[in-house]
Amino acid sequence: AQSVTQPDIHITVSEGASLELRCNYSYGATPYLFWYVQSPGQGLQLLLKYFSGDTLVQGIKGFEAEFKRSQSSFNLRKPSVHWSDAAEYFCAVGGNYGGSQGNLIFGKGTKLSVKP
Amino acid sequence: DGGITQSPKYLFRKEGQNVTLSCEQNLNHDAMYWYRQDPGQGLRLIYYSQIVNDFQKGDIAEGYSVSREKKESFPLTVTSAQKNPTAFYLCASSTPSPSGANVLTFGAGSRLTVL
């Protein structure tokens with residue numbers, strides 16, 4: 001079955017520290033992978049996406065993610081966290097199947113808190 | 001600026017009432033989606049539409065209905081048959097990228113509370 005797992009429900013980091021949010025997926029074909037961010041009471045904003053090619057992808061706000069096929073992972077990283085990064089982060093996987101099989105599957109999210 | 005507009009932002013409903021959430025997009029996207037978000041549950045797909053006058057059930061369609069009479073609009077009705085409608089509802093749209101992947105753009109959401 002297709003699924004996305006974000007093992008960490010809540011993470012707290014100090015401002016200026018590095019960050020890594022984990023994402024593991026199960027998908028029957030070549031996956032398209034996404035990270036979205038959501039501020040409280042708001043919609044989701046796309047941070048970055050991976051379709052093919054270079055397995056290290058750069059996104060907005062200084063975020064990057066690395067696709068590791070052997071580990072079925074797509075972890076999100078940031079070298080130095082800012083207080084404004086406090087939000088909830090969602091990993092999603094999709095494909096180029098037609099119809100419903102192409103729809104995105106979302107993880108349950110990781111809430112990031114930032115300590116001053 | 002192009003985007004997705006959801007209204008109302010907050011909505012209160014009495015038990016037994018139907019309510020309709022509006023979603024309008026000016027991105028010229030073909031596909032539109034409705035998701036429900038509950039704390040700790042991520043996003044769950046309610047309905048989606050890939051073309052005007054056609055829509056399909058998602059994973060949790062029971063108690064919901066939609067229409068797609070115009071490309072720009074995809075309203076969601078939460079009926080009295082939905083047993084636990086209090087949630088945050090997100091509308092999204094997409095158009096296939098050259099790779100075939102659907103990249104979703106989201107609205108700001110509507111929070112429905114049943115009193």
| remark: Dividing the surface of the Cα convex hull of chain A by four yields a projected area in nm² of 7.2 nm²
| task | Beta carbons within 10 angstrom, averaged per residue: use that to sort the peptides B:48-54, A:44-50, highest first. | result | A:44-50, B:48-54
| request: Please work out whether region B:28-115 counts as rounded, prolate or oblate from its C-alpha gyration tensor, where a ≥ b ≥ c are the square roots of the eigenvalues and a/c under 1.5 means rounded, while otherwise a/b larger than b/c means prolate and anything else oblate? | output: prolate
| Projected label distance in nm at B:Tyr10 and B:Asp54, using a 7 Å step from Cα toward the beta-carbon | 4.0 nm
| remark: Taking every residue of B:41-48, the Cβ atoms of other protein chains inside 10 Å of its Cβ average out to 4
| said: Taking a virtual spin label 7 Å from the Cα of B:Gln17 along the C-beta vector, which residues in region B:65-79 bring their backbone nitrogen under 20 Å of it? | reply: B:65-66, B:75-79
| said: Using only protein heavy atoms and a 1.4 Å probe, how much accessible area in total is buried between A and B, to the nearest 100 Å²? | reply: 1700 Å²
| field | Extension gain (nm, one decimal) between A:Ser14 and A:Ser39, 0.36 nm per residue minus Cα-Cα | value | 7.2 nm
| message | With a cut-off of 8 Å between alpha carbons and a minimum separation of six or more residues, what is the relative contact order of chain A in percent? | response | 36 percent
| query | How much area per residue is accessible in chain A when the probe is 1.4 Å and only protein heavy atoms are counted (Å²)? | reply | 47 Å²
| request: Would you mind pulling out the separation of the Cα centroids of region B:1-37 and region A:1-62, in Å? | output: 25 Å
| field | Linear extension gain, A:Ser80 paired with A:Lys68, 0.36 nm per residue minus alpha-carbon span | value | 2.1 nm
| request: Go through A:Lys68/B:Lys71; A:Lys68/B:Lys83; A:Lys49/B:Lys83; A:Lys111/B:Lys57; A:Lys68/A:Lys115 and tell me which ones have a Cα-Cα distance over 32 Å in this structure. | output: A:Lys68/B:Lys71; A:Lys68/B:Lys83; A:Lys49/B:Lys83
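The values are calculated or read from the model by the stated rules, or taken from the named source; none is laboratory data. Since this is a predicted model, take the numbers as computed values, not measurements. Positions of Cβ are generated from backbone atoms using ideal geometry, with glycine treated the same way; all protein chains shown enter the neighbour counts. Ligands, DNA and RNA are stripped out before the accessible areas are found, and what is left, the full protein with its side chains, is counted by its heavy atoms. Shrake-Rupley method; radii C 1.70, N 1.55, O 1.52, S 1.80 Å.
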